[in-house]
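Engineer: I'd like to ask some things about the structure below.
The values are calculated or read from the model by the stated rules, or taken from the named source; none is laboratory data. Predicted model only: the values in this text are computed from it and were never measured. Because the Cβ atoms are built from the backbone with ideal geometry, glycine has one as well, and the counts that use them run over all protein chains shown. Just so you know, the surface numbers come from the protein's heavy atoms only, side chains and all, with ligands and any DNA or RNA stripped out. Shrake-Rupley method; radii C 1.70, N 1.55, O 1.52, S 1.80 Å.
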Amino acid sequence: MNQKGIAVVVALIGMTVVLMLSLAMVQSALGNLKTGGDLLNRAQARQRAEAGVDHALAYLDGKPSLSAAQTVSGQGYTATLTPQNPEGNEVRIESQGQAGLARHTAVAVVRLQPVPAQAQNPLFGQGWISGGRITINGGVDLWGSRLHADLGYGNLSGQIQVCDSSGQGCRNLNQVNPPPITGGAGVADTQCNASGNNRVVCDGSAPRYQVCPVYQTPSNPNLTCLDAVTGRVVRWDQATRITRPDVDAISRNSLGVRATSPYADATTNGLCDVRFTSLDPGNASELTQFLLSRGFSGSLPTDVNQLLPLVLSALNGSGLKVCVQNNVTLPGGTALSNVTFYVGSTFQVNGSATLNGVNVAAGSGINLGDVQATDSRFYTGGYFNLNNGATFRGNSTLASRQSLTFNGGADLLNNRALLVVSEGDITFNGRANTHAFMWAGGTIHFNGTGAFIGGAVSLGGTIRNGGGQFYIQNSNALNSDLPNTNTDSQLRPVVLSRR
């Protein structure tokens, strides 16, 4: 009996201990839940306070000043806007956010001021725009496009017609008032040599219809003139202008390296995901090591000519940034996408290749062969060659610090167009219906007949050679490497401090 009583007591004690432990665990869990809930409420209160600041910034957008305190509110927040100076263009925002019992205060001080809006330079895509002279040997139809030459026209002997953007309703220049052919106002050494119905664009030896020069500097530093883009009378240096192309700057903005020293810049700035001495065809041990690092299984060949296609296949779609000290040569039939090459010397395609989203910066030169490229960019500090079979689509760029000859074609894709840039001359021997923008520090030469859709901007002049009719069509397409310009300023709240 005593043993049974002792067993009951022990059991009761054990149950009590288990119950106390359970209660402690429950209390701990409830404490954790409360702590978690508090943290959640604090985070939500902070987010709501920040949302109140954003709401206030949106409220101030476009306003020149704030004359009296204002309040804006939303779900879980209230923001008070208080002018900080008599002009009302400096404003303090204090936003209170609440979630449960948690509260948070966010504060920002902003100044209301004009901020220039950036947009693609509108001189690109309008037609042929030059800081030099335009010479046309042969006929030209302007489809919703125009010609502008700061220094006038060396020759307008062939028939020039003005048509709508679809090529309909064409009229001779003497039937259009005013015709879309202009020269630079206030510029010395102008010339205008036209014949037949084209004479209407000349006033003696100078262009009759003059607007602000797009590149040249007029003799009168205070000259006011008509902006060729906006149609407003402004001082010449406030008009829409063009600049000399800088391929190093374009390459650096796009790929983070200069076109003249891509390998050195990439290695210095830590951009390389993988390095090779060469891919021309390369070093067997380097190629093998790379394939093994990418999880390649199976026996590997020892011949570098057999290893290179395997490496290119492993790079395809990888998103890797590949630094190559010397040359890269892609064999014919290569297909690559989503890869970037920083090449110390030359980048070459032997035969045909399909490139999609491939970026290349090569210090010494680029030879693209019969490449079919979409949304791909190529920058070089040296020469640039491509064959007649080359075709480009979408947001693609060809840029060289030397003169560039464009043999090939370019199609429109998703309202994006090819950009061809040279710090020297560009010679265009492209196929009909090429859609592109061209930007030259020297002269652009157009050879042949057919069509050019887009725009050609040159500082040294533009020359069209060839018999038969040739048409120029305007374009509203975009390219991310085209230069921007400040459009009309907009009043925006500029944040001076935020906490």
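Engineer: Kirkwood Rh over Cα pairs of the stretch 360-425 into Stokes-Einstein at 20 °C, 1.002 mPa s: D in µm²/s?
Structural biologist: Rounded to a whole number, D works out at 185 µm²/s.
Engineer: If you roll a 1.4 Å probe over the heavy atoms of the protein chains, what accessible area per residue do you get for the chain, in Å²?
Structural biologist: 45
Engineer: Now a separate question. Tell me the volume per residue, in Å³, of the convex hull enclosing the alpha carbons of the stretch 163-214.
Structural biologist: Each residue corresponds to 88 Å³ of Cα convex hull volume.
Engineer: Another question, if that's okay. With charges set only on the Cβ (+1 for Lys and Arg, -1 for Asp and Glu), what does the dipole of the stretch 372-492 come to about its Cα centre, in debye to the nearest 20?
Structural biologist: My answer is approximately 100 debye.
Engineer: What 222 nm value per residue comes from the helices of the chain, counting each DSSP H run with n ≥ 4 as -39,500 (n - 2.57) and dividing by all residues, nearest 500 deg cm²/dmol?
Structural biologist: That comes out to -6500 deg cm²/dmol.
Engineer: Quote the Stokes-Einstein diffusion coefficient, in whole µm² s⁻¹, for the stretch 318-422, based on the Kirkwood radius over alpha carbon pairs, a temperature of 37 °C and a viscosity of 0.692 mPa s.
Structural biologist: The Stokes-Einstein estimate is 248 µm²/s.
Engineer: What is the Cα convex hull volume of the stretch 130-263 when expressed per residue in Å³?
Structural biologist: Here the figure is 153 Å³ per residue.
Engineer: Principal axis lengths of the stretch 418-499 from Cα atoms, whole Å, largest first?
Structural biologist: Answer, in whole Å and largest first: 66, 24, 19 Å.
Engineer: Share of the stretch 103-161's accessible area from carbon and sulfur, percent, 1.4 Å?
Structural biologist: Of the solvent-accessible surface of the stretch 103-161, carbon and sulfur hold 49 percent.
Engineer: Still on this structure, please answer the following. Per 10 Å bin, what percent of the C-alpha pairs of the stretch 54-96 does each bin hold, from zero upward?
Structural biologist: 30, 57, 13, 0
Engineer: Which percent of the accessible heavy-atom area of the stretch 185-343 goes to carbon and sulfur, probe 1.4 angstrom?
Structural biologist: Taking all protein chains in place, the stretch 185-343 shows 43 percent carbon and sulfur surface.
Engineer: What is the pair-distance distribution P(r) of the chain, computed from all Cα-Cα distances in 10 Å bins starting at 0, with each bin given as a whole percent?
Structural biologist: With 10 Å bins starting at 0, P(r) equals 4, 15, 18, 15, 16, 14, 8, 3, 2, 2, 1, 1, 0, 0.
Engineer: Angle check, please: helix 304-315 long axis (alpha carbons) against the longest principal axis of the chain (alpha carbons), in degrees 0 to 90, nearest 10.
Structural biologist: Taking the Cα atoms of the chain, the angle to 304-315 is about 70 degrees.
Engineer: Quick one: Kirkwood hydrodynamic radius for the stretch 264-395, alpha-carbon pairs, angstrom, one decimal?
Structural biologist: Taking the inverse mean of 1/r over all distinct Cα pairs, the stretch 264-395 comes out at 14.7 Å.
Engineer: Same structure again: Given the chain, what percent of its DSSP beta bridges are antiparallel, to the nearest 5?
Structural biologist: Of all bridge pairs located within the chain, approximately 30 percent are antiparallel.
Engineer: Beta carbons within 10 angstrom, averaged per residue: use that to sort the peptides 187-196, 288-297, highest first.
Structural biologist: 187-196, 288-297
Engineer: What's the long-distance tail for the stretch 195-340, i.e. % of Cα pairs beyond 24 Å?
Structural biologist: The answer is 57 percent, as a whole percent.
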